[in-house]
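Beneath this line is the structure, given in structure tokens, with notes to follow.
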Protein chains: 2
Amino acid sequence: MRQVEIRLAGEGGQGLILAGIILAEAACVHDGKNAVQTQSYGPESRGGASKAEVIISDSEIDYPKVTRPDIMLVMSQMAYDKYIKDLKQGGVLIYDSSIVKVQPSPDHRTYAVPITATARERVGREIVANIVALGALVKVCGVVSEGAIREAVANRVPRGTEGLNLRALDAGMEVVGELLDAPR
Amino acid sequence: MRQVEIRLAGEGGQGLILAGIILAEAACVHDGKNAVQTQSYGPESRGGASKAEVIISDSEIDYPKVTRPDIMLVMSQMAYDKYIKDLKQGGVLIYDSSIVKVQPSPDHRTYAVPITATARERVGREIVANIVALGALVKVCGVVSEGAIREAVANRVPRGTEGLNLRALDAGMEVVGELLDAPR
């Protein structure tokens, strides 16, 4: 890996900024890479779409703006409709199939993951869907190590919720593992 | 104001990322400006220095990296020693005089604010020093409106801590008000 650009897109209140901070911290503090984490606030964020972006690199990161992400996680229909055009040819799309409908495209490697349903049914709390999503993303893409993401989750979530959030991370990894193993 | 670049510098665990997110959200959601909020993680962050950066603009922000900030808030000695050279000529330095010693410089407008002591003595909790610092910064620089920063603080801090954090914000504004009013 030289440099990977990741966009986490959804709506306000889904915890995607925290997910981005955790991912960047995992890459840097625990995996020894460089990372930049960015949120842009503009007219679009007043309209409801929200995105957090993370660049992970083996070397210094000169230009921290993501224009053509390699990996996109999509957690709302509005975010999909708005941002899918930006995803790089051959890029990875992971979307929450509990709530988003997508147009199949041969240009992307697409993973339909029932993120919100997994949070609700396997962890018991929809509010941890952001951490389920992180688990799914790390399992699909391997952008950071599993040890690093566990430590960063435990370090960044509110005190007292570490166990809940680590279960959410595991659930996201497991559900992707089952999808990848399933006959297609 | 066309564009203002702000760096919040200290060490991990001081809550400066959250402070940056709150400032960016105040500018965008409540004051109708554009904002970008960035954290860079690299070798320096493994060594203990931490920075969060916010750019606030009336128009679209093309290049989200802060190289020569207009305003710098400094919450640790290591961060001061490392970053002071980056502050723009004529820029504003606000530093926590409870814990940082600075070299007086005619190049900057410097405000010594006892941020941590104010959190401890006026609010009763050192952990809200980040929000005291936000209050001080907004009072000195007026980069966002007081109404906007109040709403963004209430919206972003953990549920149940809104009152504590709003008291911290007020304390930061008050202590700066007293410093500005004092005979010099």
Original post:
Antiparallel as a % of all DSSP beta bridges within segment A:3-181, to the nearest 5?
Top reply: 55
Original post:
Where q = 0.14, 0.17 Å⁻¹, what log10 of I(q)/I(0) comes from the Debye formula for segment A:1-96, counting one point per Cα?
Top reply: -0.47, -0.70
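Hey, could you grab the Kirkwood Rh for segment A:3-181? Inverse mean 1/r over distinct alpha carbon pairs, Å, one decimal. Please report the intermediate quantities before stating the final value.
Numbers: mean 1/r = 0.0627 Å⁻¹.
For segment A:3-181, inverting the mean 1/r across all distinct Cα pairs yields 15.9 Å.
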Original post:
Amide H to amide H, which residues 5 or more places from B:TYR41 or on other chains are under 5 Å from it, using H placed in the peptide plane?
Top reply: A:ALA35, A:VAL36, A:GLN37
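Which helices pass in chain B if a helix is a full DSSP H run, must span at least 20 angstrom along its long axis by Cα, and must have mean Kyte-Doolittle hydropathy not below -1.0?
Qualifying helices, which must be both long enough and hydrophobic enough, are B:162-181.
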Subject >> Residues whose placed amide H lies under 5 Å from that of B:TYR111, excluding near-sequence neighbours >> reply: B:LEU93, B:ILE94, B:TYR95
Original post:
Counting DSSP beta bridges with both partners in the protein assembly as shown, what percentage is antiparallel, nearest 5?
Top reply: 60
**OP:** Would you mind counting up the charge near B:ARG156? Only other residues with Cβ under 14 Å from its Cβ, with Lys and Arg at +1 and Asp and Glu at -1.
**Re:** -1
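How far, in nm, would the chain grow between A:SER97 and A:ARG109 when pulled straight, counting 0.36 nm per residue and subtracting the alpha carbon separation?
Values: separation 12, 0.36 × 12 = 4.32 nm, distance 1.48 nm.
Roughly 2.8 nm would be gained on extension.
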Subject >> Given charges at beta-carbon only (K, R positive; D, E negative), |dipole| of segment A:3-181 in Debye >> reply: 420
**OP:** At a temperature of 37 °C and a viscosity of 0.692 mPa s, determine how fast the protein assembly as shown diffuses translationally according to Stokes-Einstein, using the Kirkwood radius over alpha-carbon pairs as Rh; express D in µm²/s, rounded to the nearest whole number.
**Re:** 156
Original post:
If you count the DSSP beta bridges with both ends in segment A:1-108, what percent of them are antiparallel, to the nearest 5?
Top reply: 65
**OP:** Could you tell me which of A:VAL36, A:ILE61, A:GLY12 has its Cα farthest along the dipole of segment A:3-181 towards the positive end, charges placed at Cβ (Lys, Arg +1; Asp, Glu -1), taken about the Cα centre?
**Re:** A:GLY12
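Under the definition of Cα pairs under 8 Å and six or more residues apart, what whole-number percent is the relative contact order of chain A?
Details: 356 pairs, mean separation 40.1, N = 184.
After rounding, I find 22 percent.
Can you give the Rg to Rh ratio of segment B:41-111, both from alpha-carbon atoms, with Rh computed by the Kirkwood formula? List each step's numbers first, then the result.
Working: Rg = 13.0 Å, Rh = 13.2 Å.
My calculation of the ratio gives 0.98.
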**OP:** Sort A:148-156, B:102-110 for me by packing, meaning the mean count of neighbouring Cβ atoms within 10 Å per residue, highest on top.
**Re:** A:148-156, B:102-110
**OP:** Please give the net charge around A:GLY10, taking every other residue with its beta carbon less than 10 angstrom from that of A:GLY10, where Lys and Arg add +1 and Asp and Glu add -1.
**Re:** -1
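Any read-out appearing in this document is the output of simple, stated calculations on the displayed coordinates, not a laboratory observation. The structure presented is a predicted model; accordingly, all values stated were derived computationally and were not measured. Using ideal geometry, Cβ is built from the backbone for each residue, glycine included, and neighbour counts are taken over all protein chains shown.
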